[in-house]
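Just below is one structure, and these are the notes that go with it.
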2 protein chains.
Amino acid sequence: MKLTSQAQAFVLHFGEMGSRWGFNRTVGQMFALLTIHPEPLNADQLAQALKISRGNVSMGLKELQAWRLVELHHLPGDRKDYFTAAGSIWDLARTVFEERRKRELDPTLTLLRQLLLNEPQDEQDALAQEKMQEVYDLLELLDQFANTLSRLDQRDLLKLMRLGSGISKLLELKGKVKGGASKAK
Amino acid sequence: MKLTSQAQAFVLHFGEMGSRWGFNRTVGQMFALLTIHPEPLNADQLAQALKISRGNVSMGLKELQAWRLVELHHLPGDRKDYFTAAGSIWDLARTVFEERRKRELDPTLTLLRQLLLNEPQDEQDALAQEKMQEVYDLLELLDQFANTLSRLDQRDLLKLMRLGSGISKLLELKGKVKGGASKAK
DNA sequence: TACAATTTTCAGAAATTTCTGAAAGTTAAG
DNA sequence: CTTAACTTTCAGAAATTTCTGAAAATTGTA
């Protein structure tokens with residue numbers, strides 16, 4: 001397990017970016033390495049390639065499993081656990097997207113729902129609640145939209161993402177053509 | 001500056017979530033407080049309300065300004081700097097979205113562009129580069145899409161986000177009606 | 001069951017991030 | 001220019017997160 005300088009740079013960068021993407025440096029590195037490495041890797045190989053402790057690898061793999069980003073494999077005649085990235089790049093991106101939606105939106109939605117149940121006690125409270133309601137409505141919409149996007153199949157997702165400013169035109173079209181798709185069929 | 005228990009809970013939660021959203025606890029708290037508080041607040045008021053040091057407030061405000069999330073105001077006859085959240089909830093969300101796109105995607109795109117310029121030295125390198133190209137293509141597309149979304153005006157954005165599974169139908173419609181919007185006009 | 005291979009756990013160490021508060025810097029007003 | 005009001009800076013302290021490595025737990029095999 002020697003990394004080419006290419007792979008090295010890729011892996012180190014994903015380590016740096018890790019924290020911005022929701023995991024820590026070594027988890028980011030492990031994910032990157034499993035993503036570009038065509039063969040399954042076991043914990044010792046990961047530890048050796050990334051120069052981190054065996055225990056750290058174990059914790060990192062646990063985390064990557066919680067994110068559903070890795071897959072466990074077994075090689076015949078070998079008792080070690082081997083891991084690969086779970087699916088294609090698109091699959092991985094989708095999974096990261098879904099997990100982040102869960103972690104970044106759901107807790108806040110839950111809290112806001114609770115807070116909005118309370119009767120405001122005074123003027124200041126009422127104003128604050130108005131804002132909270134706005135925040136809630138927006139995050140709720142965003143959450144649903146994110147959900148919709150992650151359910152789209154890859155063809156539609158590609159189509160949508162490639163529309164560019166054509167989106168406006170399509171939305172306009174929707175308004176004009178009454179009945180939407182049924183008419184077009 | 002006394003916070004109602006509602007506001008308190010909201011502010012503390014945004015503090016906790018802060019790290020997931022790209023800033024630290026106190027920056028998250030400051031942002032939350034400025035968002036629900038109708039009046040501009042000065043640094044001393046923030047420090048007092050959040051029970052943090054004056055220096056920390058100064059650093060936090062600097063960060064919020066870097067994110068373009070706060071606006072500076074001056075009250076007549078008062079030399080202190082007063083801050084409010086920069087715009088409506090939608091404005092704020094859009095800004096956070098844009099800033100995060102910049103911070104989470106751009107550095108990686110830059111690195112991948114560089115790495116992909118190198119000629120692969122061997123088989124392993126070539127395979128790794130294929131993967132990197134896939135990652136690049138996906139992130140590039142995502143980046144452009146995020147850009148498109150943040151340029152949409154609020155009406156279109158709302159329309160789009162409310163489509164739900166209707167998105168597929170609309171995309172299908174696009175395929176059927178040749179010429180897109182121009183036809184519908 | 002016994003054992004060796006492997007993985008997981010977790011207390012403490014190390015690294016990193018955040019925070020404080022005093023000092024330095026800036027700015028407006030007289 | 002001087003002063004007072006205010007803001008920023010930043011070295012070190014505190015808090016938090018991450019990492020290590022040895023011990024405990026688990027698992028497959030004979």
Is there a residue in region A:78-87 that is within 12 Å of chain B (Cβ to nearest Cβ) and either near DNA strand D (Cβ under 9 Å from one of its atoms) or buried (at least 17 other Cβ atoms within 10 Å of the Cβ) (or both)?
yes
State all residues of region B:144-161 that are of a type in the set (A, V, I, L, M), facing chain A (nearest Cβ under 7 Å) and under 16 Å from the mean Cα position of the chain (by Cα); if no residue qualifies, say none.
B:Leu152
Take the residues in region B:50-86 that are within 11 Å of DNA strand C (Cβ to nearest atom) and of a type in the set (A, V, I, L, M), then tell me which one is farthest from A:Gln124 (Cα to Cα).
B:Met59
Test each condition in (1) within 8 Å of chain B (Cβ to nearest Cβ); (2) open to solvent by 30 Å² or more (accessible area, probe 1.4 Å); (3) more than 16 Å from B:Val11 (Cβ to Cβ) for A:Leu141 and report the one that comes out false.
(2)
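Would you mention how many residues in region B:121-138 are among the small types (Gly, Ala, Ser) and either open to solvent by 30 Å² or more (accessible area, probe 1.4 Å) or within 15 Å of A:Leu160 (Cα to Cα) (or both)?
Count: 1.
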Is there any pair linking a residue in region B:53-70 that is under 21 Å from B:Arg101 (Cα atoms) and in the same structural domain as B:Asp81 (by TED's automatic domain parsing) to one that is away from DNA strand C (no atom under 13 Å from the Cβ) and not in a helix (DSSP H, G or I), with Cβ under 6 Å and at least six apart or on different chains, and which?
B:Leu64/B:Val70; B:Leu69/B:Ala86; B:Val70/B:Phe83; B:Val70/B:Ala86
Answer yes or no: is there a residue in region B:151-174 that is touching a residue at least 60 places away in the same chain (Cβ under 8 Å), open to solvent by 70 Å² or more (accessible area, probe 1.4 Å) and closer than 27 Å to B:Arg103 by Cβ.
yes
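With the requirement that a residue be at the interface with another protein chain (Cβ under 8 Å from one of its Cβ atoms) and within 13 Å of DNA strand C (Cβ to nearest atom), what does region A:17-49 give you? So that I can check it myself, show each step before the final result.
We begin by selecting, within region A:17-49, every residue at the interface with another protein chain (Cβ under 8 Å from one of its Cβ atoms); these are A:17, A:20-22, A:35-38.
Of everything in region A:17-49, those that are at the interface with another protein chain (Cβ under 8 Å from one of its Cβ atoms) and within 13 Å of DNA strand C (Cβ to nearest atom) turn out to be A:Met17, A:Arg20.
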If I filter region A:115-128 for residues that are within 9 Å of chain B (Cβ to nearest Cβ), in contact with a Leu (Cβ under 7 Å, 6 or more places away or on another chain) and part of a helix (DSSP H, G or I), do I get at least one hit?
no
Determine whether region B:15-26 contains at least one residue that is touching a strand residue (DSSP E or B) at 6+ places or on another chain (Cβ under 7 Å), more than 11 Å from DNA strand D (Cβ to nearest atom) and under 25 Å from B:Asp153 (Cα atoms).
no
Tell me which residues, restricted to region A:105-114, are surrounded by fewer than 19 Cβ atoms within 10 Å (Cβ to Cβ) and free of Cβ contacts under 8 Å to residues at least 24 places away in the same chain.
A:Pro107, A:Thr110, A:Arg113, A:Gln114
Among the candidates A:Glu123, A:Glu63, A:Glu71, which residue alone is at pLDDT 95 or above and away from DNA strand D (no atom under 15 Å from the Cβ)?
A:Glu71
Please go through region B:23-51 and give me each residue that is within 18 Å of the chain's Cα centre (by Cα), surrounded by fewer than 19 Cβ atoms within 10 Å (Cβ to Cβ) and of a type outside the set (S, T, N, Q), ordered by number.
B:Arg25
Looking at A:Arg54, A:Arg94, which is the one that is more than 14 Å from A:Phe31 (Cα to Cα) and open to solvent by less than 70 Å² (accessible area, probe 1.4 Å)?
A:Arg94
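The values are calculated or read from the model by the stated rules, or taken from the named source; none is laboratory data. Just so it is clear, the model here is predicted, and its values are computed rather than measured. Glycine gets a Cβ as well: all are built from the backbone with ideal geometry, and neighbour counts include every protein chain shown. Remember, those area values only see protein heavy atoms, side chains included, never the ligands or the DNA or RNA. Shrake-Rupley method; radii C 1.70, N 1.55, O 1.52, S 1.80 Å.
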